[in-house]
1. What are the pairs with Cβ atoms under 8 angstrom where one residue, in the stretch 222-235, is free of Cβ contacts under 8 Å to residues at least 40 places away in the same chain and the other, located anywhere, is assigned to a helix (DSSP H, G or I) and surrounded by fewer than 13 Cβ atoms within 10 Å (Cβ to Cβ)? Sequence gap at least six, or different chains.
2. Has the stretch 147-163 got at least one residue that is in contact with a strand residue (DSSP E or B) (Cβ under 8 Å, 6 or more places away or on another chain), basic (Lys, Arg) and open to solvent by 90 Å² or more (accessible area, probe 1.4 Å)?
3. For Thr134, state whether it is part of a helix (DSSP H, G or I), at pLDDT 95 or above, polar (S, T, N, Q) and within 12 Å of the ligand (Cβ to nearest atom).
4. Among the numbered conditions (1) within 30 Å of Gly12 (Cβ to Cβ); (2) within 13 Å of the ligand (Cβ to nearest atom), tell me where Pro140 comes up short.
5. Could you give every pair whose Cβ atoms fall below 7 Å, whose first residue belongs to the stretch 53-66 and is in contact (Cβ under 8 Å) with a residue 60 or more places away in the chain, and whose second residue is near the ligand (Cβ under 6 Å from one of its atoms), counting only separations of at least 6 or pairs across chains?
6. Determine which single condition Val151 fails, assuming it passes every other condition in (1) in a loop (DSSP other than H, G, I, E, B); (2) within 13 Å of the chain's Cα centre (by Cα).
7. Scan the stretch 100-121 residue by residue and report those that are under 17 Å from Asp19 (Cα atoms), open to solvent by 10 Å² or more (accessible area, probe 1.4 Å) and not in a loop (DSSP other than H, G, I, E, B).
8. Can you confirm whether the stretch 34-49 contains a residue that is of a type in the set (S, T, N, Q) and open to solvent by 20 Å² or more (accessible area, probe 1.4 Å)?
Amino acid sequence: MSELVRLERQDGVAWITIDRAAVRNALSYDTLGELGAHVATLAADPETRVVCVTAEGDKAFCAGADLKERKTFTEEQTRAFVTRIGDTFTALAALPQPTVAVLNGVAFGGGLELALACDLRVAAEGISVGLTETALAIIPGAGGTQRLPAVVGMARAKELILAARRVPADEALAMGLLNRVVPASELRSVAQELAAAIAANGPLAVRAAKAAIDLTQSGDSLDDRLLAERALYLERVLPSADRLEALAAFQEKRPPRFRGV
Ligand code: COA
């Protein structure tokens, strides 16, 4: 059986690639199963320092749920799909490594929810993005209603979701929904440079910093989050060999050699 989602790993950077360009990388039940399996593999991989998520072709990053498959589903099967897509994106968002959505084309519906489950989003010029589900008489139910407001603010999120608006890349950049917009020909190299810049830093520190930032979404009080931030520092990074290596490298005026311990 041919792969629907590929996983490649090199030099501490993992690339997850959805390989269904003919249907604009739409997410079928089985595609989500493969995506989830790759996410589980990476969650347990200490060698992977950054995860990039992209797709084949230049038309779409992901056109959302596979609507042709959906048409064949019973209500029961649709429930199973909604559960799987939500759980898969939650697992992606919970990866300990930083994640970068590399938008080679449009991202609509579940496609943008997939990108929102990543930490950063870089996109090719000329694409558009949107949580367009209400136009199909459904809601963004794979984290979109929660993650979009956290990124762009409540009022903008409500406009985008309630009007099912397709937002051009430059506007999405201006509202902070995209981190960077670059010519399509440079997308891969820009993403690789960004991934390399993250992968060059102390791996335990990068994971701890991501975990600390994500505490802002925990619903805990500020006092509790500040204590949790300190615990991450004192318990995870302070005892690390990499911290001492960084100090030694600074003194010896050489680049540090981090080992993730
Ligand atoms: N599910 C299943 N198949 C899809 C799909 C989806 N979400 N989106 C596109 N496809 C299929 C089309 O049916 C078409 O297949 P066909 O050749 O058998 O007819 C093929 O992909 C190409 O689509 P097309 O619309 O011709 O390509 P395009 O490049 O002109 O436009 C999109 C791409 C993504 C802008 C457009 O297909 C679209 O708007 N799709 C729906 C997006 C959406 O509403 N997603 C929300 C889902 S919750």
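The values are calculated or read from the model by the stated rules, or taken from the named source; none is laboratory data. Not measured: the values here are computed from a predicted model. When we count neighbours, we look across all protein chains shown, and the Cβ atoms used for this are built from the backbone with ideal geometry, even at glycine. Heads up: the accessible areas ignore ligands, DNA and RNA and are worked out on the full protein's heavy atoms, side chains in. Shrake-Rupley method; radii C 1.70, N 1.55, O 1.52, S 1.80 Å.
1. Correct list of pairs: Arg225/Thr216.
2. no
3. Criteria met by Thr134.
4. With (1) within 30 Å of Gly12 (Cβ to Cβ); (2) within 13 Å of the ligand (Cβ to nearest atom) applied to Pro140, the lone miss is (1).
5. Correct list of pairs: Phe61/Val106; Gly64/Ala26; Gly64/Phe108; Gly64/Gly109; Gly64/Gly110.
6. (1)
7. Passing the criteria: Val106, Phe108.
8. Looking through the stretch 34-49, at least one residue is of a type in the set (S, T, N, Q) and open to solvent by 20 Å² or more (accessible area, probe 1.4 Å).
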